[in-house]
Amino acid sequence: MLIVISGPSGSGKGTIIKEVMKKIPDLIYSVSYTTRPKREGEIEGKDYFFISKDEFEKLIDEDFFIEWAKVYDYYYGTSKEFVLNNLNDNKDVILEIEIQGAKKIREIYDKKNVIFIFIVPPDFKELERRIMNRKRGETEEEIKKRMNFAKKEIEESKNYDYIIINDNINKAVKKIVNIINKERRKIYDSRF
Ligand code: 5GP
């Protein structure tokens, strides 16, 4: 099964996914490719594969990506081969992608083996505060861009199967673990 997780920047989705993966260790996280510069503390091949714009565009031409999108002037994409190989091995793969990419996956995939989860912060002000508090060396302009994009993402959330409000990390993690286990059982039961 493919598990697609989206949510605005600052929704806490990264932390939630890490915790979910500790609870369900056989989930496979798909590491994306991006042209955005590496942030402090990020690790090549673990957080992202950091590549140049030229390299990314070459990979687009080679049909390397199952989906890709341009966000805040940077490219982000998911390796088709990685995802398909793992799905063929009966593994469950997590994609942490934004709404345009999720839309693409929705178009190409058989609905019954994909779940779409959207994570939102308790309220938008809280989201703004979290984005501002990150202090990642972003300019006002960049922060504004992120806020606008976050608004669009929240509007898009209606197309997801589940919306998780992250007002408490542990509760949010528990909800997602339950969803994945429930969906796994459904798929298992449908085979017998
Ligand atoms: P960030 O730069 O904060 O790591 O990520 C920015 C946005 O890009 C986030 O919403 C994240 O979910 C999304 N993203 C990360 N990897 C991919 C990907 O492979 N494809 C798409 N479509 N979006 C991605």
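The values are calculated or read from the model by the stated rules, or taken from the named source; none is laboratory data. This one's a predicted model, so the numbers in the text were calculated from it and none came from an experiment. Reconstructed Cβ throughout: ideal geometry from the backbone, glycine too, with neighbour counts over all protein chains shown. Heavy atoms of the whole protein, side chains included, go into the accessibility calculation; ligands, DNA and RNA do not. Shrake-Rupley method; radii C 1.70, N 1.55, O 1.52, S 1.80 Å.
If I filter segment 130-151 down to residues being open to solvent by 50 Å² or more (accessible area, probe 1.4 Å) and in contact with a Pro (Cβ under 9 Å, 6 or more places away or on another chain), which single residue comes out as modelled with the highest pLDDT?
151
So, in segment 95-111, of the ones that are of a type in the set (Lys, Arg) and in contact (Cβ under 8 Å) with a residue 12 or more places away in the chain, which residue ends up farthest from the ligand (Cβ to nearest atom)?
Among those that are of a type in the set (Lys, Arg) and in contact (Cβ under 8 Å) with a residue 12 or more places away in the chain, it is 106.
Take segment 80-94 and flag every residue that is within 13 Å of the ligand (Cβ to nearest atom) and either closer than 21 Å to residue 62 by Cα or modelled with pLDDT under 95 (or both).
80, 82, 83
Please list, ordered by first then second residue, the pairs with beta carbon atoms under 7 Å, 6 or more apart or interchain, first in segment 63-85 and acidic (Asp, Glu), second open to solvent by less than 70 Å² (accessible area, probe 1.4 Å).
These pairs meet every condition: 67/77; 67/78; 67/97; 67/101; 67/105.
Could you tell me how many of the residues in segment 29-50 are away from the ligand (no atom under 12 Å from the Cβ) and buried (at least 17 other Cβ atoms within 10 Å of the Cβ)?
0
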